[in-house]
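Below is one structure, written out as structure tokens; comments come after it.
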Amino acid sequence: MAVWLGFILLVVILLALDLGVFNRRAHVISTREAFKWTTLWVSVSLLFSLFVYFAYDRAWFGIGEEVGHPARGIDAALTFLTGYIVELSLSMDNIFVIAVIFSYFSIPKQYQHRVLFWGILGAVVFRGIFIAAGTYLVSHFDLVLYVFGAILLWTAYKMLKSGAEGEVHPEDNLVLRGFRKILPVTRLIRGQEFFIRRNRRIVAMTPMFVALVVVETTDIMFAFDSIPAIFAITTDPFLVFTSNIFAILGLRSMYFVLASLLDKFEYLKYSLAAILGFVGLKMVLLHPLHVELEEWVSLTVILVLLTVGIVVSLIMGRKEKRERKKREGAKKTAPNPSEIL
């Protein structure tokens, strides 16, 4: 219990420092600033993997003594990093959807961090609830692992068949429709405010709150894919929770780094689908055969799949850019029919 309370306290302190100290004033997050924050969050996550190593290796607070949990520190640390990387990878789609939501509701760049902060805070709470429910189901019903595996395989198939951008429709969000039946929505942004108050009563929602509702409910939908993926890697609730939360905490800064670059990684979705297929097959095929892959094998496979997707995207992007320049050059050098006698 002590290690759980300590981790939750760490998360609260980090979030308080983020919004209350470093980002207290609303401003546009530059790519350089976002990259620094991303580096910081990744560094904190790597440092935490060192804590995981020593905590499991030396059984601090009795951690790692449950049956089926990693007994060696190196296994626990590699499992944590694998879950962390899987969650970060699956967050790529989430970043694109958030960009569409901000564009749809015309959220100014200087206020986007505030929406993301409260969205991430809500995501931490909901992920904790989902992980607790998943841990209970996995520990009491072994069949749930096969259900999770089937969900991952179906999600991988949908990702391969998806048409991309045009499928995001914030106006169709059911939760948002419910809120609109309770309160009206203002057309204009009112600074950082989520609500309009008169005589200390909330009388309307601003587009800021509407965007927050859609971001939050969208993340819940993504959690139905990502959380089963973590359980495919380990059923240790502490490793599932911490790897998931650290990835979520870094999502805000990663958004400001990658939102404008996602179109350059067109083939990354095939890597993400392959990762989901890999962890899904581990559940559906290897689990009933009682075959356990070494932690480093899963981590290596996931890193290779991600690297291939990124490299292929960059290579094909440059190739398409060269071909586009050739076509434009050919059009410029081609004679105008009106000038031919």
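The values are calculated or read from the model by the stated rules, or taken from the named source; none is laboratory data. As the structure is a prediction and not an experimental result, all values here were calculated from the model. Ideal geometry is used to build each Cβ from the backbone, glycine not excepted, and the neighbour counts take in all protein chains shown.
Laid out as a table, the results:
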read-out	value
When residues of segment 152-166 are limited to those that are farther than 18 Å from I233 by Cα and either at pLDDT 80 or above or surrounded by 17 or more Cβ atoms within 10 Å (Cβ to Cβ) (or both), the one farthest from the chain's Cα centre (by Cα)	Y157
Condition met for L81 (modelled with pLDDT of 80 or more and part of a helix (DSSP H, G or I))	yes
Condition check for E87: at pLDDT 85 or above and of a type in the set (D, E, K, R)	yes
Top-ranked residue of segment 167-216 - restricted to ones that are in a loop (DSSP other than H, G, I, E, B) and within 22 Å of V124 (Cβ to Cβ), ranked as modelled with the lowest pLDDT	N173
Selected residue [in contact with a strand residue (DSSP E or B) (Cβ under 9 Å, 6 or more places away or on another chain) and of a type in the set (G, A, S)] from A229, A204	A204
Residues of segment 37-46 classified as of a type outside the set (A, V, I, L, M) and without any contact (Cβ under 8 Å) to a residue 40 or more places away in the chain, total	2
Leading residue by the ranking (nearest to M221 (Cα to Cα)) among those in segment 101-119 that are of a type in the set (G, A, S) and in a helix (DSSP H, G or I)	G119
F130 modelled with pLDDT of 85 or more and surrounded by 15 or more Cβ atoms within 10 Å (Cβ to Cβ)	yes
Enumeration of residues in segment 217-237 that are within 17 Å of the chain's Cα centre (by Cα) and either of a type outside the set (A, V, I, L, M, F, W, C) or at pLDDT 85 or above (or both)	T217, T218, D219, D225, S226, P228
Count - residues of segment 12-28 that are farther than 16 Å from V125 by Cβ and at pLDDT below 70	6
Count of residues meeting criterion [more than 16 Å from L251 (Cβ to Cβ) and of a type in the set (G, A, S)] in segment 25-42	2
Test set (1) under 17 Å from the mean Cα position of the chain (by Cα); (2) surrounded by 14 or more Cβ atoms within 10 Å (Cβ to Cβ) - G149 fails condition number	(1)
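Each row is one residue, and each column tells you yes or no for (1) in contact with a Phe, Trp or Tyr (Cβ under 7 Å, 6 or more places away or on another chain); (2) farther than 22 Å from F117 by Cβ; (3) not in a helix (DSSP H, G or I).
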{"residue": "I220", "(1), (2), (3)": "yes, no, no"}
{"residue": "S226", "(1), (2), (3)": "no, no, no"}
{"residue": "A232", "(1), (2), (3)": "yes, yes, no"}
{"residue": "T235", "(1), (2), (3)": "no, yes, yes"}
{"residue": "V240", "(1), (2), (3)": "yes, yes, no"}
{"residue": "V257", "(1), (2), (3)": "yes, no, no"}
